[in-house]
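Take a look at the structure below.
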Amino acid sequence: MNQEDQHDRLVIELPAEAEAVGSARLFATSVARLFGVDDEVVEDIRLAISEAVTERVQSAASEDAPVCVSTIVREKELVFEISGGSRTAGENGELGIAVVHSLFPDAVVEQDPHVLRFVAPRATAGSQAP
């Protein structure tokens, strides 16, 4: 068993449609709040998810190709992964990824399969999280 198997993974799979961006935002911010992420970071997550999912929707080969947002719950952090679509993003997609990198400088984009991953810290000392 690898280390990732020891962590909970929450996943939502959405159609590659512009309307799905709001559902992805709601999912990510709800998970972040549930696990005690500070409000300021929750707002950064909301923007990063919006940009990343929009980029995935715009680059999807078709609306049949789902966009997946998953969160790996670790003791001190949440790892968000956004995947789906194809890697045909143009200038607009690159701008969205740049926004994610400005909010989460350690964000990683894997080319095969295309996954954007960023890490958000969980609650600070004194906060309570499950």
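Search the structure for amide H atoms under 5 Å from the amide H of ALA60, placed 1.01 Å from N in the peptide plane, and list their residues when 5 or more places away or on another chain.
It is SER86, by chain and number.
Give the calculated FRET efficiency between GLU75 and ALA98 to the nearest 0.05, with a Förster radius of 25 Å applied to their Cβ-Cβ distance.
0.25
Assuming R0 = 22 Å, what is the FRET efficiency of ARG9 and VAL119, from their Cβ-Cβ distance, to the nearest 0.05?
0.95
Each reported figure results from applying straightforward, stated rules to the coordinates on display, with no laboratory input. These numbers were taken from a predicted model, which means no experiment stands behind them. So basically every Cβ, Gly included, is an ideal-geometry build from the backbone, and we count neighbours across all protein chains shown.
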